[in-house]
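S.K.: Sharing a structure with you now.
Values in this text are rule-based calculations from the coordinates and carry no lab data. None of the values given here were measured: they were computed from a predicted structure. Cβ placement follows ideal geometry from the backbone for every residue including glycine, while neighbour counts extend to all protein chains displayed.
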2 protein chains.
Amino acid sequence: MIENSQARKVSSESNQSQTLYVGSLEKGFRVLEAFRDGPGDLGLTEIAARTGLDKSAAQRFTNTLQQLGYLEKDPRSRRYRPAVRLMDFAYTYLQHDQLAEIAMSRLIEASKIFGTTVNLCVLIDTAIIYTVRIPHEKASFPATVPGRRMPAFCTAGGTVILAYRSREEAEAVIDASDRTAITDKTVTDRTAVMERIAEARDRGYGIGIGQALPNEISVAAPVLDNRGRAIAAVQIPAYMPQWTPQEAREKLAPLAMETARSISGMLRPTE
Amino acid sequence: MIENSQARKVSSESNQSQTLYVGSLEKGFRVLEAFRDGPGDLGLTEIAARTGLDKSAAQRFTNTLQQLGYLEKDPRSRRYRPAVRLMDFAYTYLQHDQLAEIAMSRLIEASKIFGTTVNLCVLIDTAIIYTVRIPHEKASFPATVPGRRMPAFCTAGGTVILAYRSREEAEAVIDASDRTAITDKTVTDRTAVMERIAEARDRGYGIGIGQALPNEISVAAPVLDNRGRAIAAVQIPAYMPQWTPQEAREKLAPLAMETARSISGMLRPTE
DNA sequence: CCCATAAGTATTATATTGTAATACTTTTTG
DNA sequence: CAAAAAGTATTACAATATAATACTTATGGG
């Protein structure tokens, strides 16, 4: 007998719903999520281990996902990997994202000014997630991929979004964050992080030097709704030694701010 | 009493599995897929209509997907829309895609030569799906979004991939395709389409002029595995009148071919 | 402005569907 | 080559998903 286990987050409004919740669906997604952690194919046993499902369940969901076309199975190794069909979801999301639509052409323009990569990111839980990327240099592969998550607390995008949210919200996010250092320069101290957020607010842009990658400078400016609340950030990475922090502040920060402002101005009013 | 309905495709190898198939998972994905067709939020009733689920089922799956964070609900209108979290799947897929990883830097380089957009696409069923996009001009928004599908039969990418598959496979795909014209120049006739595929094979690249968009020229070259079979295509769009078909053939086609060849050469041998 | 209709929400009894135990086969590895 | 591990198939069981229905909230035409 299995206890109902895993306390499930219950949405704030209107909730009787244990009975309107389909647990099987959650389990299916858990299997897909198991592939998010790292590259490499997974065997049945490893999937079971990562998801907390038993072997039978892993078998069933894995099989179902394969039949649906979301997983591929290598008949030799009998291991699974994500299938192209998953890309449908990116399209589904982006097609509905008014922000991405407005931003796209402006991000492309911005990327041409100095020939840099330009990204759009939004906050989700304690992370930022890149929704649109206009890559211009060969950074590490994961850094060029849409859908990539990074911790909000140590990224320029994350800090500048929090800078344009309420103090309470910013603190809540920082407190909920796993603030493990990524590089030896990553600022993890709560007060210091809050300080960086305050700075971002003062300057109108966030900047991180070697926070997430040793040789990376990252600047980001907020996309604001009509109440002045950040809903996203335009982020521009630059790499040392080609760029210096000062150059980034003088050239890239204004570009990010101008681009973000232009996007903000086009948003259809919330409410 | 509901008949077991919807004859389900049964995977070719090893199949007893009605019992290893979780129908609820399929229904959940059907709900997400309902959002793929077009932009705009959906209400419960419309979701039920599009998915073929009854109101209760739509209610259950919609609620579950919302709790999982894949759908958002507007409390005012009580309508649903895709949530950012769907972008996770793009990352999950791309992170595991050796091809995308190899291709990325080369596509970026290629895009700089003439300042054009450069895409990577793969075949899925009768469609191509863009997995990597390096956008350089403001085309229509959907045309810049990864995960976008287009019919294989009328795209340069689709025809050139089929050109480097077996004749049987190419015919099977064309026959299975819904060959509705997209522009007034779209070639839909079976023989004519097969002819275009043969031409692509002869020249080493595919080209379409106004096939999918009135003023678009599209060229594409095949990425080949070690047996000479196409696994993807490098596709470059150009727009008239800035580009003429002849210029595209002389400049963009060679660029696409060179880029595709370079990617092919880096693939770890299949098998 | 108000009524009629449609859309969305909540509840519950029922059995279909998902479950997990187990035995079997294939692969890996020491 | 033996032993263990990984993957596959089968089945009896009941927990979970289901769909009918009653209820509440919105919408739009007269």
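S.K.: Using each residue's phi in segment A:185-191, evaluate 6.51 cos²θ - 1.76 cosθ + 1.60 at θ = phi - 60° and report the 3J(HN,Hα) Karplus result to the nearest Hz, with x for Gly and Pro.
M.R.: Computed from phi, the couplings for segment A:185-191 are 9, 4, 7, 10, 5, 3, 5 Hz.
S.K.: Something else: How far, in nm to one decimal, is B:T191 from itself in the other copies if the label point is set 7 angstrom along Cα toward Cβ? Shortest first, please.
M.R.: With the label placed 7 Å along Cα→Cβ, B:T191 yields 8.3 nm.
S.K.: With a ≥ b ≥ c taken as the square roots of the eigenvalues of the C-alpha gyration tensor of segment B:148-221, please select rounded if a/c is under 1.5 and otherwise prolate if a/b is larger than b/c or oblate if it is not?
M.R.: Verdict is oblate for segment B:148-221.
S.K.: In nm², what is the average projected area of the convex hull enclosing the Cα atoms of segment B:34-173? Don't skip to the answer; put the middle values down first.
M.R.: Working: hull surface 44.1 nm².
The orientation-averaged projected area of the Cα hull of segment B:34-173 comes to 11.0 nm².
S.K.: Can you give the angle from 0 to 90° between the axis of helix B:253-266 and the longest principal axis of chain B, with both taken from C-alpha atoms, to the nearest 10?
M.R.: 70
S.K.: In addition: Kindly identify segment B:23-87 as rounded, prolate or oblate by the Cα gyration tensor criterion: order the square roots of the eigenvalues as a ≥ b ≥ c, call it rounded if a/c is under 1.5, otherwise compare a/b with b/c, prolate if a/b is larger, else oblate.
M.R.: rounded
S.K.: Of the listed pairs A:K112/A:K251; A:K112/A:K185; A:K73/A:K138, which have alpha-carbon separations greater than 24 Å here? Please report the intermediate quantities before stating the final value.
M.R.: On the way: A:K112/A:K251 13 Å; A:K112/A:K185 30 Å; A:K73/A:K138 31 Å.
Table pairs above 24 Å Cα-Cα are A:K112/A:K185; A:K73/A:K138.
S.K.: While we're here: Can you pull the three principal axis extents for the Cα set of segment B:181-271, in Å, largest first?
M.R.: 43, 31, 20
S.K.: Going 7 Å from Cα along the Cα-Cβ axis for the label, what nanometre distances separate B:P245 from the same residue across the other copies?
M.R.: List, nearest first: 5.7 nm.
S.K.: Please determine, in degrees from 0 to 90 and to the nearest 10, the orientation of helix B:98-114 with respect to the longest principal axis defined by the Cα atoms of chain B, where the helix direction is its Cα long axis.
M.R.: The angle comes out at about 50 degrees.
S.K.: ³J(HN,Hα) across segment B:52-57 via Karplus (A = 6.51, B = -1.76, C = 1.60, θ = phi - 60°), whole Hz, x for Gly/Pro?
M.R.: x, 8, 7, 4, 4, 5
S.K.: Would you grab the residues whose amide H sits under 5 Å from the one on A:V145? Only those 5+ places off in sequence or on another chain, please, with H modelled 1.01 Å from N.
M.R.: Close amide H contacts, sequence-distant or interchain: none at all.
S.K.: Could you list the square roots of 5 times each eigenvalue of the Cα gyration tensor of segment A:114-249, that is, the equivalent ellipsoid semi-axes, sorted largest first and rounded to whole Å?
M.R.: For segment A:114-249, the semi-axes come out at 21, 16, 14 Å.
S.K.: While we're on this one: Considering only C-alpha atoms, what is the centroid distance from segment A:57-84 to segment B:103-138, in Å?
M.R.: 27
S.K.: Using a Förster distance of 41 angstrom, determine the FRET efficiency expected from the C-beta separation of A:Q246 and A:E168, and round it to 0.05. All intermediate terms of the calculation are to be shown ahead of the outcome.
M.R.: Numbers: r = 34 Å, r/R0 = 0.83.
Working from the Cβ atoms, E equals 0.75.
S.K.: Further, regarding this structure: Percent of Cα-Cα pairs more than 17 Å apart in segment A:221-271, please. Walk me through the intermediate numbers first.
M.R.: Numbers: 512 of 1275 pairs.
Tail of P(r) above 17 Å: 40 percent of Cα pairs.
S.K.: Starting from the Cα of B:D125, step 7 Å along the direction of its Cβ; do the same at B:T183; then give the gap between the two resulting points in nm.
M.R.: Calculated label separation equals 2.5 nm.
S.K.: For B:D37 and B:Q18, compute 0.36 nm times the residue count separating them, minus their Cα-Cα distance, and round to one decimal in nm.
M.R.: Working: separation 19, 0.36 × 19 = 6.84 nm, distance 2.90 nm.
Roughly 3.9 nm would be gained on extension.
S.K.: Mind putting together the pair-distance distribution for chain B? All Cα pairs, 5 Å bins, whole percent per bin, short to long.
M.R.: Whole-percent P(r) values from 0 Å outward: 1, 5, 11, 14, 15, 14, 13, 11, 8, 5, 2, 0, 0.
S.K.: Please list 3J(HN,Hα) in residue order for segment B:33-42, calculated via the Karplus relation 6.51 cos²θ - 1.76 cosθ + 1.60 where θ = phi - 60°; whole Hz, with x for glycine and proline.
M.R.: 5, 4, 7, 6, 4, x, x, x, 6, 10
S.K.: For the pair A:S140 and A:F114, what calculated FRET efficiency results from E = 1/(1 + (r/R0)^6), where r is the Cβ-Cβ distance and R0 = 22 Å, to the nearest 0.05? Write out the running numbers ahead of the final one.
M.R.: On the way: r = 20 Å, r/R0 = 0.92.
That gives a FRET efficiency of 0.60.
S.K.: Next up: Pop a pseudo-label 7 angstrom from the Cα along the beta-carbon direction at both B:T191 and A:R261 and give the gap in nm to one decimal.
M.R.: Here the modelled spin labels are 6.3 nm apart.
S.K.: Per residue Cα convex hull volume for the protein assembly as shown, in cubic angstrom? Intermediate values should be presented prior to the final figure.
M.R.: Details: hull volume 93.4 nm³, N = 542.
Convex hull of Cα atoms, per residue: 172 Å³.
S.K.: Enumerate the amide H contacts of A:E72 below 5 Å, restricted to partners 5 or more residues apart or on another chain; note that Pro and chain-start residues carry no placed amide H.
M.R.: Those qualifying (amide H under 5 Å, at least 5 residues apart or on another chain) are A:R81, A:A83.
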